[in-house]
Amino acid sequence: MSRPLRIALLGHRFMGRAHSNAWSQVSRFFDLPVHPVLQVACGRDVQALQEFAHRWGWAGIETDWRRVLERDDVDIVDIALPQHLHAEVAIAAAQAGKHVFCEKPLAMTLGEGRAMVDAAEASGIVHYVNHNYRLAPAVVLARQLIDEGRIGEIRHWRGAYQQSWLVDPAFPLNWKLRQATAYAGPQWDLNSHNVDLALHLVGDITHVSCLTRTFIPERPLEEDPARSGPVEVEDAALMMADFACGAVGSFEATRFALGRRNRHTFEIYGSKGALSWDLEDMNRLQFFSEDDPPQARGFRNLLATERIHRYAKNWWPPGHIIGYEHTFVHAVADFLTAVATGGPARPDFRDGLRVLEILEAGLRSAASGRKCAVP
Ligand SMILES: NC(=O)c1ccc[n+]([C@@H]2O[C@H](COP(=O)([O-])OP(=O)(O)OC[C@H]3O[C@@H](n4cnc5c(N)ncnc54)[C@H](O)[C@@H]3O)[C@@H](O)[C@H]2O)c1
């Protein structure tokens, strides 16, 4: 008999919907010793929140996250809020003994991130930061081929996360463009995913060198479009890195790649082979191997939907592809398993903090014009 775990969701827009879908689907596709109960959704706009709770099946609503943490009928706090709220909420939740599933980037500053790690580890809760692309079966396969030595010694990482939603100068100054709520631009928002994948697949980073640019310095205010205000974060960030293993890497993150809506790709080149992945074709991993006979060498398209691939057997017969939202279901499946077994969930707050340390070194490099060591 599976044990119920009661979830509180904070935030009910983009990530609130993706997380609600994951909590709703997970027990239908994964056999777990526990099952999530959609206990309470929290936000500030009561009418929108009520409609959201009704649509997604949340049993109740709250309009103050502090009140959520006081409730003894909540086991897991799911933070789908802008990052300026991650640390305060996660630390209070950990101190209240709740397990924490938190969106990325982990926090605004390294100090906040360290405090989150300390609070989570001191209280013994399960903590997770949602770098969900690690959990795409084709990315799991990439890690497996690397671990098996199939691409040899890694020489190059090339990662790009390209969006285009800021090309229009009339796009308003929302929370993602203000330091007080976002801290930084695509270096934090997009390169956090990019760096997480690089750390996961290639290993630690020792030095970075970074260039940032803000193309449109003023935008209409969200609350009053007749007035404008300064854009406080970068629009694009280009970072180069030294890996501890001797590889070199590049990380490109932008909101100005016209025609690219959400293009997230990586390429890894080693001494014996190469890998490449593209979110827009996320079920496939491209694999080149020097072990192939010379006349048959070329990038192969591996479709990671066979039952042998991690998570794939929980979905559809081979060849029936999955999508973006499935990575969130994998995340909550792993998280619930960790809560049930007392094991860690990965990536955890410590992993999320390492990502921030590298991104922060990148911002320091951009400000100084110098290559910077990552502490
Ligand atoms: N893993 C991913 O692929 C992914 C994708 C997009 C966003 N994110 C991350 O998820 C987080 C949320 O982003 P989003 O795109 O869902 O933002 P959003 O603007 O769509 O939603 C933010 C939500 O937070 C709520 N909120 C804001 N302040 C609040 C407060 N004081 N109390 C209660 N609720 C409050 C808003 O009402 C809204 O429901 C960010 O940290 C972002 O970086 C992750």
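The values are calculated or read from the model by the stated rules, or taken from the named source; none is laboratory data. None of these values were measured; they are calculated from a predicted model. Virtual Cβ from ideal backbone geometry, glycine too; neighbours counted across all protein chains shown.
The table for this structure:
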item: Among the candidates 80, 92, 59, 122, residue that is within 20 Å of residue 338 (Cβ to Cβ), surrounded by fewer than 19 Cβ atoms within 10 Å (Cβ to Cβ) and hydrophobic (A, V, I, L, M, F, W, C); result: 122
item: 3 or more residues closer than 30 Å to residue 305 by Cα and either among the β-branched types (Val, Ile, Thr) or in the same structural domain as residue 22 (by TED's automatic domain parsing) (or both): qualifying helices (runs of 4 or more DSSP H) within region 96-186; result: 137-147
item: Within region 110-165, tally of residues that are in contact with a helix residue (DSSP H, G or I) (Cβ under 8 Å, 6 or more places away or on another chain) and within 16 Å of the ligand (Cβ to nearest atom); result: 18
item: Residue match in region 58-66 (condition: touching a helix residue (DSSP H, G or I) at 6+ places or on another chain (Cβ under 9 Å) and in a helix (DSSP H, G or I)); result: yes
item: Among the candidates 90, 8, residue that is within 12 Å of the ligand (Cβ to nearest atom) and part of a helix (DSSP H, G or I); result: 90
item: Within region 281-302, considering residues that are touching a Gly at 6+ places or on another chain (Cβ under 7 Å) and not in a loop (DSSP other than H, G, I, E, B), the one nearest to residue 263 (Cα to Cα); result: 287
item: Hey, residue 259 within 22 Å of residue 164 (Cβ to Cβ) and not charged (D, E, K, R) or not; result: yes
item: Lone unmet requirement of (1) within 9 Å of the ligand (Cβ to nearest atom); (2) surrounded by 18 or more Cβ atoms within 10 Å (Cβ to Cβ) for residue 38; result: (1)
item: Residues (more than 16 Å from the ligand (Cβ to nearest atom) and within 22 Å of residue 4 (Cα to Cα)) located in region 312-333; result: 314
item: Positions within region 107-121 being in contact with a His (Cβ under 6 Å, 6 or more places away or on another chain) and either of a type in the set (Gly, Ala, Ser) or at pLDDT below 95 (or both), in sequence order; result: 107, 120
item: Selection count where residues are within 16 Å of the ligand (Cβ to nearest atom) and either at pLDDT below 95 or more than 16 Å from the chain's Cα centre (by Cα) (or both), scope region 21-34; result: 2
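Matching residues to (1) closer than 26 Å to residue 211 by Cα; (2) touching a residue at least 40 places away in the same chain (Cβ under 8 Å); (3) surrounded by fewer than 21 Cβ atoms within 10 Å (Cβ to Cβ):
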site: 266; (1), (2), (3): yes, yes, no
site: 278; (1), (2), (3): yes, no, yes
site: 294; (1), (2), (3): no, no, yes
site: 301; (1), (2), (3): no, no, yes
site: 317; (1), (2), (3): no, no, yes
site: 329; (1), (2), (3): no, yes, no
site: 356; (1), (2), (3): yes, yes, no
site: 361; (1), (2), (3): yes, yes, no
site: 372; (1), (2), (3): yes, yes, yes
